[in-house]
1. Put +1 on the Cβ of each Lys and Arg and -1 on the Cβ of each Asp and Glu in the stretch 20-169; which of Val23, Phe94, Val41 then has its Cα farthest toward the positive end of the dipole?
2. Is there a quick way to get the dipole size of the stretch 66-152? I mean about its Cα centre, with the Cβ of Lys and Arg at +1 and of Asp and Glu at -1; what is the value in debye to the nearest 20?
3. Roughly speaking, to the nearest percent, how much of the stretch 59-108's 1.4 Å accessible area is carbon and sulfur?
4. Please give the peptides 35-45, 145-155, 72-82 ranked by average Cβ packing (other Cβ atoms within 10 Å per residue), highest first, as a rough proxy for protection.
5. When the Cα centres of the stretch 54-123 and the stretch 33-47 are compared, how far apart do they sit, in Å?
6. Roughly how many Å² is the accessible area per residue of the stretch 31-84, as a whole number, for a 1.4 Å probe?
Amino acid sequence: MSEENLNGATAPADAATGPAFTVEKIYVKDVSFEVPNAPAVFAEAAQPQLQLNLSQNVQRVGENAFEVVLGVTLTCTANDKPMYLAEVKQAGVFGLIGFDAQTLDAMLGTHCPNVLYPYARQLVSDLIQAGGFPPFFLQPINFDALYAEGLRQRGQGESLADAETVGNA
């Protein structure tokens, strides 16, 4: 009997087949949306200013399983008054088997956030529109460049896999 692979999926890796990456679960861990000055804020004629902050937390949840939480905070102000604040913590549990420590760290710092970002991006956009504001679409983010900068800042000291939490992807 032959092995059947659907849509390019393969069986989990073992020592003989090499490393494997799986997405076990994707979920929203936390969401917040605030419009502190409503309804007056909707009459504001000034050009809005946006500030985007990203964070990433990694936690080992099993021998070969990691929870990665991508935090996206978008703050919009006009005339130094807050218009809205959108905060999303998009999370996933990922299976990573057979990777060396450096590759595992890179997978947790780049590949996992790349999987989570489209979900967080859509949720932020939906929150802003549901809050009565024009649609807003977050631009793509280069998590490889952010990871490289993070490596430079932490001096290759601690890996994401070993850290309890890591901030600013």
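1. Val41
2. Here the size comes out at about 220 debye.
3. Carbon-and-sulfur percentage of accessible area, whole number: 49.
4. Numbers: 35-45: 11.5, 145-155: 13.5, 72-82: 15.3.
In descending order of packing, they fall as 72-82, 145-155, 35-45.
5. Between the Cα centres of the stretch 54-123 and the stretch 33-47 lies a distance of 29 Å.
6. 55 Å²
The values are calculated or read from the model by the stated rules, or taken from the named source; none is laboratory data. Source: prediction; values computed, not measured. Positions of Cβ are generated from backbone atoms using ideal geometry, with glycine treated the same way; all protein chains shown enter the neighbour counts. These accessible areas exclude ligands, DNA and RNA; they are computed on the full protein's heavy atoms, side chains included. Shrake-Rupley method; radii C 1.70, N 1.55, O 1.52, S 1.80 Å.
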